[in-house]
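What follows is a set of notes on a single structure, which appears directly below.
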Amino acid sequence: MQMLKDRDYLIVDHDLNMTMLQFKNKHGENMKREDRTINRRKRGRESDQLFDGICIYVFFPEEPKVGFKTMKSYITRMNQENVIRAILVAQQNLTPFAKTSISVMGSKYRLEIFQEAELLVNIKEHVLVPEHRVLANKEKKTLLERCTVKETQLPRIQLIDPIARYYELKRGQVVKIIWPSETAGRFVTYHYVI
């Protein structure tokens with residue numbers, strides 16, 4: 001839920017601050033993983049919500065190793081509701097057939113795969129991870145003009161970097177990274193996503 005909120009999806013504070021006891025009272029003691037499926041909208045105009053890929057599903061497959069049949073059911077569900085984005089929280093790796101289905105659907109749908117273990121700790125809250133903020137296109141243009149550099153001359157951050165995956169960064173974006181500094185108070189750097 002915190003990752004969705006950081007990506008600017010509509011998440012109520014109650015869902016973020018819920019204790020384990022409150023979660024069990026709300027969803028029951030023997031809740032299945034499939035029952036935890038989440039569907040949220042991004043902040044913005046109502047007319048844009050369904051067709052701009054601004055809705056997202058978060059799926060929690062029941063089986064430890066996700067197969068083609070499960071992937072097909074998720075794709076069908078997304079197709080019926082015109083949702084093109086999804087996050088799959090898997091217990092283990094996917095089967096080769098499931099990976100193939102993801103690569104085939106890649107042109108129409110945007111599906112991210114996270115291992116459950118990757119989401120047990122919010123990496124954004126770690127003491128060694130500085131604050132990251134994605135620049136809007138206008139801010140990026142202003143920065144490049146002010147510093148008289150090309151975006152490719154900036155330090156780089158890869159798409160597979162855990163923080164890039166957390167924020168769902170895209171190639172070509174520029175991220176402002178603010179490090180705490182004992183001497184200067186804070187140190188700001190900009191990274192180009194490759």
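Quick notes on this one:
- Check on Ser107, under 18 Å from Lys170 (Cα atoms) and among the hydroxyl-bearing types (Ser, Thr, Tyr): yes
- Among (1) within 20 Å of Phe59 (Cα to Cα); (2) surrounded by 15 or more Cβ atoms within 10 Å (Cβ to Cβ) - the single one Leu143 does not satisfy: (1)
- Conditions (1) exposed (fewer than 14 other Cβ atoms within 10 Å of the Cβ); (2) within 30 Å of Glu182 (Cβ to Cβ); (3) without any contact (Cβ under 8 Å) to a residue 60 or more places away in the chain; number of the one not met by Lys108: (2)
- Restricting attention to the stretch 83-96 and to residues that are outside any loop (DSSP other than H, G, I, E, B) and surrounded by 14 or more Cβ atoms within 10 Å (Cβ to Cβ), the residue that is farthest from the chain's Cα centre (by Cα) turns out to be Ala90.
- Filtering the stretch 4-31 to residues that are part of a loop (DSSP other than H, G, I, E, B) and either in contact with a His (Cβ under 9 Å, 6 or more places away or on another chain) or at pLDDT below 85 (or both) leaves Gly28, Glu29, Asn30, Met31.
- The requirement of being without any contact (Cβ under 8 Å) to a residue 60 or more places away in the chain and not assigned by TED's automatic domain parsing to the domain that holds Phe60 is satisfied by Leu159.
- Within the stretch 118-150, considering residues that are in a helix (DSSP H, G or I), more than 15 Å from Tyr167 (Cα to Cα) and not basic (Lys, Arg), the one nearest to the chain's Cα centre (by Cα): Asn137
- Residue satisfying all of: in the stretch 1-30; touching a helix residue (DSSP H, G or I) at 6+ places or on another chain (Cβ under 8 Å) and without any contact (Cβ under 8 Å) to a residue 60 or more places away in the chain; surrounded by the fewest Cβ atoms within 10 Å (Cβ to Cβ) among these: Leu16
The values are calculated or read from the model by the stated rules, or taken from the named source; none is laboratory data. This one's a predicted model, so the numbers in the text were calculated from it and none came from an experiment. Here Cβ is always computed from backbone atoms with ideal geometry, including for glycine, and neighbour counts include all displayed protein chains.
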